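The values are calculated or read from the model by the stated rules, or taken from the named source; none is laboratory data. Predicted model, so just to flag it, every value in this text is computed and none were measured. We place every Cβ from the backbone using ideal geometry, glycine too, and count neighbours over all the protein chains shown. Note: accessible area is taken over every heavy atom of the protein model, side chains too, but ligands, DNA and RNA are not part of it. Shrake-Rupley method; radii C 1.70, N 1.55, O 1.52, S 1.80 Å.
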Amino acid sequence: VHSLTFLSGAPGSMNSFKQGWFSETHQLWPGQAFSFEVEEVLFDDKSEYQHVQVLQTKTWGKALILDGVIQLTDRDEFTYQEGIVHTPMFAHASPQRVCIIGGGDGGAVTQVMAHPCVTEVVMCEIDKMVIEQSKQHFPRFRRGFQDPRLQLHCGDGAEFLRQHPNSFDVIIVDSSDPVGPAESLFTDSFVATLSRALRDGGVACTQGESMWLHLDLICELVASGHRLFAHVDYASCPVPTYPCGQVPFALPFFCALL
């Protein structure tokens, strides 16, 4: 093992590293944890916004950790990336202009680029360190970053959408959990911002936490959607390394991944 020394975690994150094992615990899922054995700490530093780590695990490949919370692993990232992207993309008749809020690992934008009808993708990621480390440690996502249809905007995604009304056919909110830099992406005002940024017939899809743990948040998110969108629904996909092994999102015309 190269290094087993971690910087202190973020508030609410009580992740621990003991005897070669990383354990993810958090105030958002009290009383439970997910653990994996770690062979090497590849990166461990704090950006302006959050604690960023990349671990080489024994059985799940490389793992990206933000503020002590697992964002993706080599082994199961595809099920989340494909779910949050292709669900809204195929719900739209011909998505040409797409916006991704978050998604700094590059997985979502790589999936979006598989759609030949897409002419432009704007990705708004607030944390440059996430982008830099993902390019280095998850090279299969580089083709998404290298696609000439991509415009990369490093800054606040909510503010970007406020400045671009009636601009996008599909908006994908590939955010982290509703604490820290992503907290504002789970509010009524942000749902209203999504509505204004979509073109007629547009579809928005957002990461929606776990229905086993966060029903109150999900109900609020869906209720916000119903006040502004013609149709609201949700989908769910299995992601073994996410809390309870599942993640939701909502879709047409507002779409939450549940």
Considering only protein heavy atoms, what is the solvent-accessible area of Val85 at a probe of 1.4 Å, reported in Å² to the nearest 10? 0
For a test of the definition: using alpha carbon positions, the gyration tensor, and the 1.5 limit on a/c, classify the range 25-127 as rounded, prolate or oblate. prolate
How do Lys135, Lys62, Lys18, Lys128 rank by accessible surface area computed with a 1.4 Å probe, from largest to smallest? Lys18, Lys128, Lys135, Lys62
The percentage of the accessible area of the range 66-162 (probe 1.4 Å, all protein chains present) made up of carbon and sulfur atoms, to the nearest whole number, is 49
Net charge near Glu120, counting Lys/Arg +1 and Asp/Glu -1 over other residues with Cβ under 9 Å of its Cβ? +2
Where only protein heavy atoms count, and the probe is 1.4 Å, what is the accessible area per residue for the range 119-232 in Å²? 46
Can you pull out the GluC sites (Glu not before Pro) in the range 18-121 that DSSP calls coil and that have at most 12 other Cβ atoms within 10 Å? Glu48
